[in-house]
């Protein structure tokens, strides 16, 4: 029975793709201007937001401050229930204020019911600050939709275990968050094709994955890719541009800088050397 209910979730989320795409547009536009993305929620919703945010630096090579997860009750609420933390509107606003929220930022309020006071307080404060606000809820007609600029509402319906939103609702939320963060990072050029070209190389497994991604993305032999990585100072993006366009490391860095870090644009324009650095 649980499996049959879970099988419905992907189709329900699919109906929200147009709104998810609009959310990606809004988040990416703000990040291009130096903004950040905040997920804020309580209980299961908040934990899933923190999880998605924590995966962005190792997967996409971005600063930890770019995508941040905030949960009612703070760090203790990640591993245990903090009763009553979700009931305080003022605390939601306070927690965003403490992160220095500005009009350049985007805030995703996470609340399966759509009525969690902590989240509503956070979104109200975010609107006041001029930030772009998104509500993610399983209840389309709830209070969160009246505060957010955009509401994503995969209505998953009753749970097998009544009221346990860690089940279908949690699955739907995880799917939506995956799509939001991953698509934003793709739009901002933090991947190349389907390769994690900025994956953090913090252990042996990830270093091997980085080299494998580089050889797969460029078609280069392993020894050639290793040499390019050394010349690039272990920067996969620079090494990829070098291998795809036959540039040296300095030229590749200039090309990447000219594209404002967008790897796809850098590679697309790499056949024309950066101004003032014509190939000889």
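Of all residues in segment 34-63, count the ones that are under 12 Å from the mean Cα position of the chain (by Cα), part of a loop (DSSP other than H, G, I, E, B) and at pLDDT 95 or above.
Qualifying residue count for the region: 1.
Can you tell me how many residues in segment 172-189 are crowded, with 20+ Cβ neighbours inside 10 Å and over 11 Å from the mean Cα position of the chain (by Cα)?
3
All but one of (1) assigned by TED's automatic domain parsing to the domain that holds residue 26; (2) more than 20 Å from the chain's Cα centre (by Cα); (3) not in a helix (DSSP H, G or I) hold for residue 233; which doesn't?
Tallying (1) assigned by TED's automatic domain parsing to the domain that holds residue 26; (2) more than 20 Å from the chain's Cα centre (by Cα); (3) not in a helix (DSSP H, G or I), residue 233 fails exactly one: (1).
Out of the residues in segment 265-280 meeting the condition of being surrounded by fewer than 15 Cβ atoms within 10 Å (Cβ to Cβ), closer than 25 Å to residue 221 by Cβ and in contact with a helix residue (DSSP H, G or I) (Cβ under 9 Å, 6 or more places away or on another chain), tell me which one is modelled with the highest pLDDT.
Going through the qualifying residues, I end up with 271.
In the set 225, 220, 200, which member is buried (at least 22 other Cβ atoms within 10 Å of the Cβ) and either over 25 Å from residue 38 (Cα atoms) or within 20 Å of the chain's Cα centre (by Cα) (or both)?
Among 225, 220, 200, only 225 is buried (at least 22 other Cβ atoms within 10 Å of the Cβ) and either over 25 Å from residue 38 (Cα atoms) or within 20 Å of the chain's Cα centre (by Cα) (or both).
Which residue pairs have Cβ atoms closer than 6 Å, lie 6 or more positions apart in sequence or on different chains, and pair a first residue in segment 69-81 that is modelled with pLDDT of 95 or more with a second residue that is assigned to a strand (DSSP E or B)?
Partner pairs satisfying both residue conditions: 69/39; 70/40.
Please specify each residue of segment 98-126 satisfying the condition of being under 21 Å from the mean Cα position of the chain (by Cα), more than 21 Å from residue 174 (Cβ to Cβ) and touching a residue at least 12 places away in the same chain (Cβ under 8 Å).
99, 101, 102, 103, 104, 105, 126
Residue by residue through segment 144-177, note down the ones that are in contact with a strand residue (DSSP E or B) (Cβ under 9 Å, 6 or more places away or on another chain) and assigned to a loop (DSSP other than H, G, I, E, B).
Matches in segment 144-177: 148, 149, 153, 154.
Would you pick out the residues in segment 127-142 that are touching a helix residue (DSSP H, G or I) at 6+ places or on another chain (Cβ under 8 Å) and free of Cβ contacts under 8 Å to residues at least 24 places away in the same chain?
Once the filter is applied, which keeps residues that are touching a helix residue (DSSP H, G or I) at 6+ places or on another chain (Cβ under 8 Å) and free of Cβ contacts under 8 Å to residues at least 24 places away in the same chain, segment 127-142 yields only 127.
The values are calculated or read from the model by the stated rules, or taken from the named source; none is laboratory data. Keep in mind that this is a model prediction, so the values were computed, not measured. Positions of Cβ are generated from backbone atoms using ideal geometry, with glycine treated the same way; all protein chains shown enter the neighbour counts.
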